[in-house]
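Below: the structure, in structure tokens.
The values are calculated or read from the model by the stated rules, or taken from the named source; none is laboratory data. Keep in mind it's a predicted model, so treat the numbers as computed, not measured. When we count neighbours, we look across all protein chains shown, and the Cβ atoms used for this are built from the backbone with ideal geometry, even at glycine. When the accessible area is computed, the model is the full protein with side chains, heavy atoms only, and any ligands, DNA or RNA have been set aside. Shrake-Rupley method; radii C 1.70, N 1.55, O 1.52, S 1.80 Å.
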Amino acid sequence: VEKSLRELAEYLGGTLIGDGDLRVSRVNSLDDAVAGEITFLANPKYAAKVATTGASAVVLPPGGASHGRNVIEHPNPYLCFAKLLDLFHVPKQPVLGVMAGAHVGRDVVMGEEVSIYPGAVVGDGVKLGNRVTLHPNVVLYAGVTVGDDTVIHANVTVRERCRVGSRVIIQSGVVIGGDGFGYAPDGEKYYKIPQIGIVILEDDVEIGANTTIDRAALDVTRIGKGTKIDNLVQVAHNCTIGENSILVAQVGIAGSSKLGNHVTLGGQAAVAGHISIGNNVMVAGQSGVHANVADNSIVSGTPAIPHRDWLKMVMTLPRLTEIRRSVQTLERQMKELTGQAGEQEPDYFE
Amino acid sequence: VEKSLRELAEYLGGTLIGDGDLRVSRVNSLDDAVAGEITFLANPKYAAKVATTGASAVVLPPGGASHGRNVIEHPNPYLCFAKLLDLFHVPKQPVLGVMAGAHVGRDVVMGEEVSIYPGAVVGDGVKLGNRVTLHPNVVLYAGVTVGDDTVIHANVTVRERCRVGSRVIIQSGVVIGGDGFGYAPDGEKYYKIPQIGIVILEDDVEIGANTTIDRAALDVTRIGKGTKIDNLVQVAHNCTIGENSILVAQVGIAGSSKLGNHVTLGGQAAVAGHISIGNNVMVAGQSGVHANVADNSIVSGTPAIPHRDWLKMVMTLPRLTEIRRSVQTLERQMKELTGQAGEQEPDYFE
Amino acid sequence: VEKSLRELAEYLGGTLIGDGDLRVSRVNSLDDAVAGEITFLANPKYAAKVATTGASAVVLPPGGASHGRNVIEHPNPYLCFAKLLDLFHVPKQPVLGVMAGAHVGRDVVMGEEVSIYPGAVVGDGVKLGNRVTLHPNVVLYAGVTVGDDTVIHANVTVRERCRVGSRVIIQSGVVIGGDGFGYAPDGEKYYKIPQIGIVILEDDVEIGANTTIDRAALDVTRIGKGTKIDNLVQVAHNCTIGENSILVAQVGIAGSSKLGNHVTLGGQAAVAGHISIGNNVMVAGQSGVHANVADNSIVSGTPAIPHRDWLKMVMTLPRLTEIRRSVQTLERQMKELTGQAGEQEPDYFE
């Protein structure tokens, strides 16, 4: 692909400053770009590199020093970088239809221009939207629905009746709609509670490799529109995750918890069951959330506390042994001063 | 399915109080049930809803106020709910035999009424019990045995010679019998120790999605009868998990550890290698068990300590900075009182 | 297989002391070995068992007391054990070629003596070395390369253009080259940054079941030669892991971090993004590394601190409530002595 700066300015929704007829065919970093490539300034501390980059053009924030370069001004150059990668560097997938070695069940409804690779198994009554791609060995159980332009990578399983939105990306090895973990104790043993609900992945969701999202016991486990989930994350039955939230790798969310919109959970963070987390909350990596969290909070630690308090605490923690020794010294001094042992038992610190 | 209350009382092993000829065809919650449905009271705090529910009948604990309803009395209404879900809401799977697109090796012994979906691969010498279901793309390596009524979901792998009991459920993406993680250090490098043992899943075990249970180095990694394991759990080589235990999602158990019966490990808890955990032990989520744990203990934290001590500790922890400041003040006051610096170096707290 | 001690001494690179014509056909532990078997002494505390073992021969460290046994002396008997397991107990896999039910794309280059099981899907332009084994339902996307003698177990996915070295072992369910987790915030929403880099697994790497290693955004996520990764580990995009390192189960490494050679990360440890960890570093299980770590360090805790400091800290932590009570007592005593309240607010500890 080769594009003129005029075309790129229109594609990006930016303002052209310079030669609109100049043509580029790649995007690259400020350091590595050469003639024929466009670059971008995302971090102001690298502004001086605009003068020295080998690129033919630069995406700058409005008012950024152009150093005489051909420029497209845009308030979000990093977003432009992503869109230029899409344009120049992501090959368009051919439409392959149902390939030999794919298994398609009865009463399947297919949109236009689907691609179904060998080894994919499409259960009875599945509905696929337009331009859906099922990579090799994807398994869709009976009654699954998949929206337009969704890509499901190799070895993914989507269990019966689950609903996958449009423009969803599911990375390899993901399990959508496995049985929730629910048992009725029966004295000695555990009796399995049938999990007859489903999972709904709303539009524009992405799910990372080998992540598991369990079906609800009775109704719906829901991942809100635009939410992005990283690898090896566990979302238990009956959870509701809001819109445009971020769950980093190895996060675990126990059953029936509810997260708001624009929530960010750091890697390996855990949320207990039946917890409510508000909008715009950030949870630090490895934290354990045991209680509800209000909108706009930042929390850390296990159990999670306000991040600011946690920072103070972990700064002091390595001094704990010294603090204890100081207290012992003070107690000895106090005893000498007052001539008595105080209120504690004498071998308190053994 | 439609059943009379008389039939349901017999099915549940409960006591009928009311019209035994009344017929219902669904189970639902106290809030949502309508005529033709049966509901249940599992939590005493909702007892008043028995008077107002739209259900045609209610499962109550013995002596529960019936408010004139048709009632089945049973000591465990929640267990009855699970059994009613099974009866009314879990569709019976048809017997499908070996479907087109399944791959079956040599010398395979099959029970009656098995269902093997497309893409499943059954290795040489595998033995399948009666009514076994292998969903699409399940892979059983050579010499695997599977007991009666076991269900293995899509994209599961069971490695060579492992033994799966009866009435076992394996959720999608699980790996049973992958090589244990064992190497002999050889100066610079690590030399792989062949893992020639197996995994045994005893009867009535359930394994959650994408969980991994490694084969033993020489003998057996064993999951005891009735134990339920959630998603993304790691059980390392040579472990023995007792009967009727619960491992919540993302738990990790290092090599050669031994858990008793009726153990519960909370989500993301970890157990070090060569540890012994007794019967009826509870380990809180995210804890790290570094030492043996006696029967009937409840432990929390990393390293894990008695839960009661941990609770006190985490209540005090956020005050640590204040405690340190108090100690500094006391030291200053003590110095003024005694006219000397005490035993610590003066810039101790820098 | 049956071998003379002379042949075994040569195979192991050890020194024969005793009857070189004696033949053995198995390896076993000191306790369990019988006639016709060879055993080994890896742990000096079991040296007395050499006298009583039923084995026909023993591998001893140089100068170990032979108690009149036939002996092979070698400085690393445990390594010899691993090699004897290989020799006697690991069945040689037959060469199977491309089996019926495997799907091979266009322009695939294959070495000699490959084995490709049913359900494996080999994308266009893939290059396979000699003696490669692809177990059932392995999926290699287009342009993947695989070195000689590499074994890929069932249900593994390797995404487009990733490069797998020689003598690599990939356990079942692994995902190599899934998209890195990168988005450009666009006000409300997140815009996916295309991940156009690859993953390189160098020679002699082993990857544990259901582990995920993401492709780089632009260039390479690299796992160094000889490194062994356990189950359910997450390695994010753009990471570089050095040579002969060990990542225990459920470790998570965030984007762009760099680990040296001979690093060991304990189970469930986490490393934040853009961190540099030196050579020969050990990180304790469940730790969280938030800052760079120098060569030869041992660190523990979240955030990770020197292991020695962490040990002292966790020994004192359960006494925190007692320390607080001592401080309160001291403050009361100080107030009595000085007749004033000190500098803190009086209800400080509420």
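A point 7 Å from Cα along Cα→Cβ stands in for residue B:68, and the other copies hold the same point at 9.6, 9.6 nm, listed in rising order. Remark: the range B:227-239, residue by residue, has Karplus-estimated 3J(HN,Hα) of 6, 10, 10, 7, 6, 6, 8, 10, 10, 7, 5, 6, 6 Hz, where x stands for each Gly or Pro and the curve is 6.51 cos²θ - 1.76 cosθ + 1.60 at θ = phi - 60°.
Rounded to the nearest 20, the Cβ-based charge dipole of the protein assembly as shown about its Cα centre (Lys and Arg +1, Asp and Glu -1) stands at 40 debye. Only Cα pairs under 8 Å and 6+ residues apart enter the sum, and on that basis the relative contact order of the range A:21-73 stands at 29 percent. Chains A and B together bury roughly 5100 Å² of accessible area, counting both sides, with a 1.4 Å probe on protein heavy atoms only.
Note that the range C:321-328 has calculated 3J(HN,Hα) couplings of 5, 5, 4, 4, 5, 4, 5, 4 Hz, one per residue in order, obtained from phi through the Karplus relation 6.51 cos²θ - 1.76 cosθ + 1.60 (θ = phi - 60°); glycine and proline are x. Taking the DSSP bridge list for the range B:198-350 and keeping only pairs wholly inside it, about 5 percent are antiparallel. For the protein assembly as shown, a/c is less than 1.5, where a ≥ b ≥ c are the root eigenvalues of the C-alpha gyration tensor. That puts it in the rounded class. If both residues of a DSSP beta bridge must be in chain A, then about 15% of such bridges are antiparallel.
Within 9 Å, Cβ to Cβ, of residue C:221, how many net charges do the neighbouring residues add up to if Lys/Arg are +1 and Asp/Glu are -1?
That works out to 0.
Solvent-accessible surface (1.4 Å probe) assigned to residue C:204 amounts to roughly 40 Å². Take every Cα pair under 8 Å whose residues are at least 6 apart in sequence, average their separation, divide by the length of chain B, and the relative contact order is 6 percent. Temperature 4 °C, viscosity 1.567 mPa s: under these conditions the Stokes-Einstein estimate for chain C, based on its Kirkwood radius over C-alpha pairs, is 53 µm² per second. Taking all protein chains together, A:295, A:149 sort by accessible area into A:295, A:149, largest first [probe 1.4 Å]. Treating r as the C-beta distance of residue A:338 and residue A:188 and R0 as 56 Å, the FRET efficiency rounds to 0.40. Remark on residue A:104: its backbone amide H falls under 5 Å from those of A:122, a criterion applied only to residues 5 or more positions apart or on other chains, H modelled at 1.01 Å from N. Compactness of the range A:136-181 is given as radius of gyration and Dmax, 9.9, 32 Å, from Cα positions. Backbone amide hydrogens, once placed in the peptide plane, bring residue C:183 within less than 5 Å of C:193, excluding anything fewer than 5 places away on its chain.
Of the GluC sites (Glu not before Pro) in the range B:161-267, the ones in a loop by DSSP (not H, G, I, E or B) with at most 14 other beta carbons within 10 Å are B:188. Between the Cα long axis of helix B:307-316 and the first principal axis of chain B there is an angle of about 50°, rounded to the nearest 10. Projecting the Cα atoms of A:314, A:25, A:330 onto the charge dipole of chain A (Cβ charges, centred on the Cα centre) puts A:25 farthest toward the positive pole. Short-range pairs are left out: with C-alpha atoms under 8 Å and at least six residues apart, the relative contact order of the range C:77-201 is 15 percent. When all protein chains stay in place and ligands, DNA and RNA are ignored, the 1.4 Å accessible-area order of B:315, C:110, C:313, largest first, is B:315, C:110, C:313.
Put a plus charge on the Cβ of each Lys and Arg, a minus charge on the Cβ of each Asp and Glu, and nothing anywhere else: the dipole of the range B:1-120 about its Cα centre is then about 260 debye. Just so you know, the averaged projected area of the alpha carbon convex hull for the range C:159-249 sits at 5.8 nm².
A point 7 Å from Cα along Cα→Cβ stands in for residue B:52, and the other copies hold the same point at 7.4, 7.4 nm, listed in rising order. Dividing the convex hull volume of the alpha-carbon atoms in the range B:58-104 by its residue count gives 100 Å³ per residue. Legend: residue pairs A:228/C:189; B:189/C:312; B:228/B:258; B:192/C:225, Cα-Cα distance threshold 21 Å; pairs beyond threshold, B:189/C:312.
Accessible area per residue for chain A, computed on protein heavy atoms with a 1.4 Å probe, is 40 Å².
The helix-based estimate of mean residue ellipticity at 222 nm for chain C, built from -39,500 (n - 2.57) per DSSP H run of four or more residues and divided by its residue count, is -4500 deg cm²/dmol to the nearest 500.
A 1.4 Å probe, protein heavy atoms only, puts the accessible area of residue A:6 near 130 Å².
In chain C, taking the dipole from charged Cβ atoms about the Cα centre, the farthest positive-side position among C:38, C:79, C:266 is held by C:38. Taking every alpha-carbon pair in the range A:1-146 and binning the separations at 5 Å intervals from zero gives 2, 10, 16, 17, 9, 5, 6, 9, 10, 9, 5, 2, 0 percent.
Between copies, residue B:336 shows label-point distances of 2.0, 2.0 nm, shortest first, with the point placed 7 angstrom from Cα along Cα to C-beta. A probe of 1.4 angstrom, applied to the heavy atoms of all protein chains, finds residue C:7 with accessible area near 80 square angstrom.
What the phi angles of the range A:167-179 give under the Karplus curve with 6.51, -1.76 and 1.60, with θ = phi - 60°, is a coupling list of 6, 7, 10, 10, 6, 4, x, 5, 10, 9, x, x, 4 Hz, glycine and proline written as x.
Between A:326, A:256, A:297, find the one with the highest GNM mean-square fluctuation for chain A; connect C-alpha pairs within less than 10 Å. Fluctuation is largest for A:326. Taking one quarter of the surface of the C-alpha convex hull of the range B:62-169 gives a mean projected area of 8.3 nm². Dipole magnitude for chain A: computed about the Cα centre from +1 point charges on Lys and Arg Cβ and -1 point charges on Asp and Glu Cβ, it is near 220 debye.
The mean number of partner chain beta-carbon atoms within 10 angstrom of a residue's beta-carbon across peptide C:49-61 is 0.
Note that the range A:218-293 shows a convex hull volume over its alpha carbon atoms of 64 Å³ per residue.
Taking the DSSP bridge list for the protein assembly as shown and keeping only pairs wholly inside it, about 15 percent are antiparallel.
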